[in-house]
Amino acid sequence: MGTAEVYVDFARRQASGVSPSYERLAYAVARDDDLLALLDSLPPPTRQPNLLFGVVRLLGGPVDDPAAFHDFTVAHWPAVEAQMRRRLTQTNEAGRCAVLLPVLAALPQPLALLEVGASAGLCLYPDRYAYRYDDGPTVGDGEPVLDCATTGLTPPRTRPEVVWRAGLDLTPLDVTDADDVAWLDALIWPEQEHRRARLAAAAVVAAADPPLLVRGDLVDDLPALAASAPPAATLVVFHTAVLYHVPAPRRSAFVDLVRGLPGHWVANEGPDILRHGTLPPPPDDTLHNVLALDGRPLAWTRPHGQGLTWFG
Ligand SMILES: C[S@@+](CC[C@H](N)C(=O)[O-])C[C@H]1O[C@@H](n2cnc3c(N)ncnc32)[C@H](O)[C@@H]1O
């Protein structure tokens, strides 16, 4: 796909119906020869809409008016380019803990959590957030409250007991660093104020007791980190929205590796990325990911943890 097509595809398949401003902007960039020429001076993976739009927002540029966006981006291109070459789209969504909780709460406690592709580690605190499944009672207390609309689930009544938490990431973000938190905020789409509030609340929780985050690769560096988990706790290696970053042969190597570790493996990934054999059809097109325990698929889940359909 050429760069213009990438932006049209993004507008049609990702932004449409979710973010009117990003849909408008992506179509405008696809027709903008100045911006396309600047983007084409970057390596292909760096040209993507989420990165460009996030960087412009990070730098204080306008994303609601395509003409103003054009002028800002052209005028500030050296700064935009530097950030686009430096940053990765590392969206960290604490809301995904709501789909992990039913599995984590049912495992033998206490848990030693090891997240691969942890970003800033906000999904390492499933024991500290509050949850509301449909109209049921709130599980836990405090902020953020993670809402999840469910079908076929008996909601968990308790949160897990976590005695150790660690994350592995190629480029971990630091939840105590204002620049890193600003980047996570800039990655949230303009209309999604509820996600911005959730990020702020989850960042407060994590910053109060920052996680151990190790810079490393989910294949090469997992065994050493897993070996440092306390043996008396149930080790849970988990990942959400990570494997699409990883080339297919490395994904297979990761699956082989994680299956050989003690404890349990929880995955929440697209079924085209992590294959599971025959699955029930997704009830609608908002359920993109499959939650699985030790390779056994359990539920369809929505991308930010806002819903799940448990398999019958
Ligand atoms: C989209 S973020 C998801 C973060 C978090 N799991 C969540 O659900 O909020 C994907 C993360 O995976 C990390 N990542 C990608 N490839 C990786 C690899 N080979 N080893 C470790 N981390 C990786 C990226 O740096 C990024 O922080």
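Descriptive notes on the structure:
- With a Förster radius of 25 Å applied to the beta-carbon distance between Ala207 and Thr46, the computed FRET efficiency rounds to 0.30.
- Separation between Cα centres of the stretch 35-108 and the stretch 231-309, rounded to whole Å: 24
- Label-zone membership for the stretch 144-166, site His194, 7 angstrom Cα→C-beta point, backbone N under 14 Å: 145-150
- Three-way shape label, the stretch 159-285, alpha-carbon gyration tensor, a/c 1.5: oblate
- Within the shell of other residues whose beta carbon sits under 10 angstrom from the beta carbon of Thr240, the net charge comes to -2, with Lys and Arg scored +1 and Asp and Glu -1.
- Helix-only arithmetic for the chain: the sum of -39500 (n - 2.57) across DSSP H runs with n ≥ 4, divided by the residue total, places the mean residue ellipticity at 222 nm at -10000 deg cm²/dmol.
- Spacing of the two label points (7 Å from each Cα toward its C-beta) at Thr89 and His276, in nm: 2.3
- Counting only DSSP beta bridges with both residues in the chain, the antiparallel share comes to about 35 percent.
- Most tightly packed first, judged by the mean number of other beta-carbon atoms within 10 Å of their residues, the peptides 119-125, 12-18, 54-60 read 119-125, 54-60, 12-18.
- Entry comment: accessible area of the chain is 44 Å² per residue, from protein heavy atoms only and a probe of 1.4 Å.
- For the stretch 97-207, share of DSSP beta bridges that run antiparallel, in % to the nearest 5: 15
- On the stretch 189-245, 61 percent of the accessible area sits on carbon and sulfur atoms, based on a 1.4 Å probe.
- Taking only Cα atoms of the chain, radius of gyration then Dmax in Å: 19.7, 60
- Assuming charge only on the beta carbon of Lys and Arg (+1) and of Asp and Glu (-1), the dipole of the stretch 200-268 about its Cα centre is about 140 debye to the nearest 20.
The values are calculated or read from the model by the stated rules, or taken from the named source; none is laboratory data. Worth saying up front: this structure is predicted, and the values here are computed from it rather than measured. Here the Cβ is made from the backbone with ideal geometry for all residues, glycine too, and neighbour counts use every protein chain on show. Just so you know, the surface numbers come from the protein's heavy atoms only, side chains and all, with ligands and any DNA or RNA stripped out. Shrake-Rupley method; radii C 1.70, N 1.55, O 1.52, S 1.80 Å.
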